[in-house]
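The values are calculated or read from the model by the stated rules, or taken from the named source; none is laboratory data. Since we're looking at a predicted model, the values are computed, not measured. Cβ placement follows ideal geometry from the backbone for every residue including glycine, while neighbour counts extend to all protein chains displayed. Only protein heavy atoms, including side chains, enter the accessible area calculation; ligands, DNA and RNA are left aside. Shrake-Rupley method; radii C 1.70, N 1.55, O 1.52, S 1.80 Å.
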Amino acid sequence: MIKLNGYWYSYEEVEDALRKKGYTICVEEWEPDKRGYVKMETHALKEGESPSPLNRLSDVAIKEFHKKPPLV
């Protein structure tokens, strides 16, 4: 779940919204560690980008959809 503008959204909802904005969603998986845990990271990529910590799904969603209220 990702919180945007005070509301909680599922990862599927956020992925669909980012796809409509032109992002490609990719998932990176690593080998299981000694406890059997598989680390996964989901990235939202524009054309020509490669996966990095700066384009994780939650970070891109906050950048694209989180709007600050105007100052009075």
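If you count only protein heavy atoms with a 1.4 Å probe, what accessible area per residue comes out for the chain, rounded to a whole Å²?
I get 82 Å² per residue for the chain.
What residue among Ala17, Ala44, Ala61 shows peak mean-square fluctuation when the chain is described by a Gaussian network model with Cα springs under 10 Å?
Ala17
What's the extension gain from Lys34 to Asp16 if we count 0.36 nm per residue and subtract their Cα-Cα distance?
3.1 nm
Could you give me D for the chain, from Stokes-Einstein at 4 °C and 1.567 mPa s, where the hydrodynamic radius is the Kirkwood radius over C-alpha pairs? Units µm² s⁻¹, please.
The Stokes-Einstein estimate is 96 µm²/s.
Given the rule -39500 (n - 2.57) for each run of at least 4 DSSP H residues, summed and divided by the residues of the chain, what is its mean residue ellipticity at 222 nm, to the nearest 500 deg cm²/dmol?
Helix contribution divided over all residues of the chain: -7500 deg cm²/dmol.
Using 7 Å Cα-to-Cβ label points, what is the Thr42/Lys67 separation (nm, one decimal)?
If labels sit at Thr42 and Lys67, their model points lie 2.3 nm apart.
Roughly to the nearest percent, how much of the accessible area of the chain is carbon and sulfur, given a 1.4 Å probe?
Taking all protein chains in place, the chain shows 54 percent carbon and sulfur surface.
If I fit a long axis through the Cα atoms of helix 11-20 and take the longest principal axis of the Cα atoms of the chain, what angle between them do I get, 0 to 90°, rounded to 10?
70
Can you pick out the pairs among Lys46/Lys67; Lys21/Lys46; Lys20/Lys68 whose Cα atoms lie more than 19 Å from each other?
Lys46/Lys67; Lys20/Lys68
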